[in-house]
1. Looking only at the range 162-171, filter to residues that are of a type in the set (A, V, I, L, M, F, W, C) and within 15 Å of residue 251 (Cβ to Cβ); which one of those is surrounded by the most Cβ atoms within 10 Å (Cβ to Cβ)?
2. What pairs come out if I take residues in the range 197-226 that are touching a residue at least 40 places away in the same chain (Cβ under 8 Å) and pair them with residues that are crowded, with 18+ Cβ neighbours inside 10 Å and among the hydroxyl-bearing types (Ser, Thr, Tyr) whose C-beta lies under 8 Å away, six or more apart or interchain?
3. Considering only the range 144-164, how many residues are touching a helix residue (DSSP H, G or I) at 6+ places or on another chain (Cβ under 8 Å) and without any contact (Cβ under 8 Å) to a residue 40 or more places away in the chain?
4. Search the range 129-184 for residues being assigned to a loop (DSSP other than H, G, I, E, B) and within 22 Å of the chain's Cα centre (by Cα), and hand back the single one that is nearest to residue 197 (Cα to Cα).
5. Could you figure out which of (1) outside any helix (DSSP H, G or I); (2) open to solvent by less than 50 Å² (accessible area, probe 1.4 Å); (3) without any contact (Cβ under 8 Å) to a residue 24 or more places away in the chain isn't true of residue 249?
6. Out of the range 225-246, which residues are open to solvent by 40 Å² or more (accessible area, probe 1.4 Å) and either modelled with pLDDT of 95 or more or of a type outside the set (S, T, N, Q) (or both)?
7. I'd like to verify a number: residues in the range 131-143 that are exposed (fewer than 15 other Cβ atoms within 10 Å of the Cβ) and not acidic (Asp, Glu), how many?
8. Out of 193, 222, which single residue is over 24 Å from residue 252 (Cα atoms), in contact with a Leu (Cβ under 8 Å, 6 or more places away or on another chain) and open to solvent by less than 80 Å² (accessible area, probe 1.4 Å)?
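The values are calculated or read from the model by the stated rules, or taken from the named source; none is laboratory data. Just so we're clear, the structure is a prediction, and the values are computed from it rather than from any experiment. So basically every Cβ, Gly included, is an ideal-geometry build from the backbone, and we count neighbours across all protein chains shown. Just the protein is used for accessible areas: all its heavy atoms, side chains included, with ligands, DNA and RNA removed. Shrake-Rupley method; radii C 1.70, N 1.55, O 1.52, S 1.80 Å.
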Amino acid sequence: MSLATQKPFRVLVFDSGVGGLSVYKEIRKLLPDIEYIYLFDNEAYPYGELEKETLIHRVKMLVEEVVKRELIDIVVIACNTASTIVLPKLREVLDVPVVGVVPAIKPASLIAHKAVGLIATPATVKREYTYQLIESFASSKEVKLLGSTRLVNMAEEKLCGIQIDLEELEEILSPLKHKVDVAVLGCTHFPLLKEEIDKVFGGEVILIDSGEAIARRVKSLLPGTVNGYKKGRYKIYSSAALGDKTALDSAVGKLNFSPIETLPIQDV
């Protein structure tokens, strides 16, 4: 196949909701000339409340389908919960590289002088894997954990055009205020609220997420020559039909996606 007729290099970004779009933005910033497909499992959102086996089944089923359908070259699991549970299973069944995301505890601990705050979902805060990261990379620093599902929903609402209530956000973040100098945004939804979180902290806290690291990892997996993608908008799939998706279609449109399509797949 000649370079002219070769299909563009395709990256699938997957999450339970729209939080993974924060990761997509970082990858696309570094790699603007490849094609992106986004898939979110809105039918089972949020993932932190799913049983482990249910989560594994859903992610495998959905990701395998899109990898096959769209001839995907790299899969990015832009969800902390799914990454810590499903990655080994996905790597067993897929013939393409699978990149996961973990809270950026290590880089945060290297620059913290006072303490590190980890802002994540309740599931991530409770997970043994998180404590292993802290033990491995931040044992010499105080790490304060804050789990919130409401922040996930606020990020989804913001993307749909709903204004963030800064008083509510301040109440959620109050356990960390004036107590940490670095905060890890340990859920891919949270960079969507970075501006508001920074405002609540009064610009006194360095905010770190994993987006740039994931982008660098994806770049390292690219072959030497990649056929550039010049055809316009990318595809975005949901696992279940959405109601009035006008605002969400408008938001993803600004990120170069076509209107959201429902993934036609059974048994999820």
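1. Narrowing the range 162-171 to residues of a type in the set (A, V, I, L, M, F, W, C): 162, 164, 166, 169.
Next, only the ones that are within 15 Å of residue 251 (Cβ to Cβ) stay: 162, 164.
Numbers: 162: 12, 164: 19.
Step by step, filter the range 162-171, then rank; the result is 164.
2. Partner pairs satisfying both residue conditions: 209/22; 209/188; 210/188; 211/22; 211/188.
3. 8
4. Selected residue: 164.
5. Going through (1) outside any helix (DSSP H, G or I); (2) open to solvent by less than 50 Å² (accessible area, probe 1.4 Å); (3) without any contact (Cβ under 8 Å) to a residue 24 or more places away in the chain one by one, residue 249 breaks only (1).
6. Scanning the range 225-246 gives 226, 230, 231, 233, 235, 241, 242, 243, 244, 245.
7. Total meeting the criteria: 5.
8. Only one candidate qualifies: 222.
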